[in-house]
1. Just grab the label-to-label distance for A:Ser433 and A:Thr409, each label 7 Å out from Cα along the Cβ direction, in nm (one decimal).
2. Can you list which of the trypsin sites (Lys or Arg not before Pro) found in segment A:136-194 are DSSP loop residues with at most 10 other C-beta atoms within 10 Å?
3. Place +1 on the Cβ of every Lys and Arg and -1 on the Cβ of every Asp and Glu in the protein assembly as shown, take the dipole about the Cα centre, and give the residue among B:His123, A:Gly374, A:Pro157 whose Cα lies farthest towards its positive end.
4. When Cβ neighbours within 10 Å are restricted to other protein chains, what is their mean count per residue of peptide B:133-145?
5. Calculate the all-directions average of the projected area of the protein assembly as shown's alpha-carbon convex hull, and give it in nm².
6. Measuring from label point to label point, each 7 Å out along Cα→Cβ, what is the B:Arg46 to A:Arg206 span in nm?
7. Rounded to the nearest 10 Å², what accessible area does A:Ser365 have for a 1.4 Å probe in the complete protein model?
8. With θ set to phi - 60° and the Karplus curve 6.51 cos²θ - 1.76 cosθ + 1.60, what are the ³J(HN,Hα) couplings of segment A:225-234 in order, to the nearest whole Hz, using x for Gly and Pro?
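The values are calculated or read from the model by the stated rules, or taken from the named source; none is laboratory data. The structure presented is a predicted model; accordingly, all values stated were derived computationally and were not measured. Ideal geometry is used to build each Cβ from the backbone, glycine not excepted, and the neighbour counts take in all protein chains shown. Please note that ligands, DNA and RNA were not included when accessible areas were found on the heavy atoms of the full protein model with its side chains. Shrake-Rupley method; radii C 1.70, N 1.55, O 1.52, S 1.80 Å.
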Amino acid sequence: MSGTFVGMPAFPKAAHEAVNNATLRGNLRHATHTIRTKRAKAVAELSDWAELREAGKRIKDHTLRHLDRYLTQLEESVTAAGGVVHWAADAEEANRIVTALVKMTGESEVVKVKSMATQEIGLNEALEAAGIHAYETDLAELIVQLGKDRPSHILVPAIHRNRGEIRDIFVREMGEWGRPAPEGLTDTPAELAEAARLHLREKFLRAKVGISGANFMVAETGTLVVVESEGNGRMCLTLPETLISVVGIEKIVPSWRDLEVFLQTLPRSSTAERMNPYTSMWTGTTDGDGPQTFHLVLLDNGRTDTLADEVGRQALRCIRCSACLNVCPVYERAGGHAYGSVYPGPIGAILSPQLRGTASEIDASLPYASSLCGACYEVCPVAIDIPEVLVHLRERIAEGGRVTKDGNTVVLKPAKGHAAERAAMRAARWAFSHPGAMGAGQRLASRTRRFHPRTLPGPGRAWSATRELPAVPAESFREWWQRTRGGKDTTK
Amino acid sequence: MSSRDLILGRVRRALADVPRDGAPPAPERPGKDSPYEEAVARSYLREHGSRSVAETVDLLAENLADYRAIVHRSTEEELPYVIMRLLAERGAQYVLVPPRLPPEWMSAADPTQVHDRAVSTPHELDRVASVVTGCAVAVAETGTIVLDGSPDQGRRRITLIPDHHICVVRVPDQVVASVPQALERLDPARPLTWISGPSATSDIELDRVEGVHGPRTLEVVLVSGE
């Protein structure tokens, strides 16, 4: 991934600052609880939810297992339908391709559909550097862009802002970008949405180039799918002459029929609706309807490295519904910015360190940004075992080991900060393999239990500041067993 | 090495540990009975609950209304008058019509009919307040209408730019119960637009607001054959 969030502090520090912001916590709590309740209701309407979830998981796993075949099949079908396919190994290459494609049109502005992939590669910044203005057209993305802010949620990027803050941003910034906010704008959501409509419509109607991502790509037909609510997506996908879609290689499904699973699970999991207001599906170009030039940029940018990890590759099943964010107790309190990535929340905690590698402090801290409560796994519509991957990544960071980076196998060194943990583990290993020594230690601990401190000294102080030290029992289990059962088998 | 070969090579190396399952990939042409379909168990339902044809149409009406579409029912004879009334209520002077909307649908309407020509700019279309179209299929369980760009529905932009969309659904022929049944009826080669209620956003404190960029008002007329 590119350096969109360069210089972010590690999660513990960012989270510590975020939880002290009462407005942020209030906004987040309201939003996550609202959507979580609604989602449960929408899911309960489908009696076969468990079967849909299992099918979604299997379709994605099958696709990943044959990803090379499906990628080449998709390339053929998109080309046959009149599209042009490009391959981008990393963010820089994707940005270079898109910039060149826009320059070829002679245009200096583009309209954009909300897309995680283009956020991930920092496309807007790359275009800006080339003198091309990219306008975000999703209402929440517009709020983020006008507020010179960063997105904090996959589905609702401006979830951290309340209506008053949004009004102030519109009044202050809209005039800088185009049509100013209407006189006397209040903070009612309807008026704010109307202001966005007026501001963006002039851009839609004159735009010659649209840029999007896609929720799904169908290998057998070459069809791309974008789900959205506002109609801004339809504007960008159909009004311009040229459409450029930047899509991660994991977004493929093999067959047209596969959409029947995800078009049922995605809307209910993300916006908690039976169906989102608009879904656009296009296959290459259509004579006389919509863009007559269509480019598809297939993006790797760390995805094949993720695919190489036997435990972590399941993160590539993700359909970006954001249900895991809304149930996560850590996300609810820390907010999306603390994760230092375009993918916040539980899925971000496993996806970002895999896509970017764990070299930076923030990426090495992300697998620890979780309470491992498992709520994220329960709601995931493609059954990604996020806790399993979190634990796997923690082990990799603490112990080091072989990982794939840019297609090459590299050996990671154990992280520096974990020396004490590793020493403790070494000591535990020794003790467990020397029963006599362990028994002696246990007896000693039991007899001195009244003199044990409540908090740990030295480097352990931070750990015990927020935790109760476990009490040492008066006798060990082994001793108790010896005493009460005499070591005899009493089942007979 | 091209980035294409680079990426495909990385994918193959990344999957070196995985025993390739026997299932071949999806067929070259769309078809339901490919070996791929057998590779993925599909134990989920083709539709949820059992309903009579009339009940399926009722469910469509109910779910459309739940997402703030305005639903009307009419017979074929009444349809021109229903359309006339809906346009009159909006005070529409001009109405966009696709190239081959059944002419009798508009036979009673007063507004001047505007055709979407290839040379029309989006700015020109923006001056028209209403559009009348047919549809390809409607999905009862989700309250969705699907447009496929057929001549009675027109280019995608005509149902997007005007603020008021009247969509005529023939019941029961064009109504299916579920998403799986809808996909079976659709041709992926066509540009498809699935519409579930009017344009909406929940981006501000998750309060749902209807009408951002697409039509603010969606009226669906369920027209029965008899």
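1. 2.5 nm
2. Taking segment A:136-194 and a limit of 10 other Cβ atoms within 10 Å, the loop trypsin sites (Lys or Arg not before Pro) found are A:Lys148.
3. Of the options given, the answer is A:Gly374.
4. On the way: counts 0, 0, 0, 0, 0, 0, 3, 0, 5, 8, 3, 7, 0.
Counting other chains' Cβ atoms within 10 Å and averaging over B:133-145 gives 2.
5. If I average the Cα hull's projected area over directions, I get 37.0 nm².
6. Each label point is offset 7 Å from its Cα along the Cβ direction, giving 5.3 nm.
7. 20 Å²
8. With the stated coefficients, segment A:225-234 comes to 10, 10, 9, 7, 10, 8, x, 5, x, 4 Hz.
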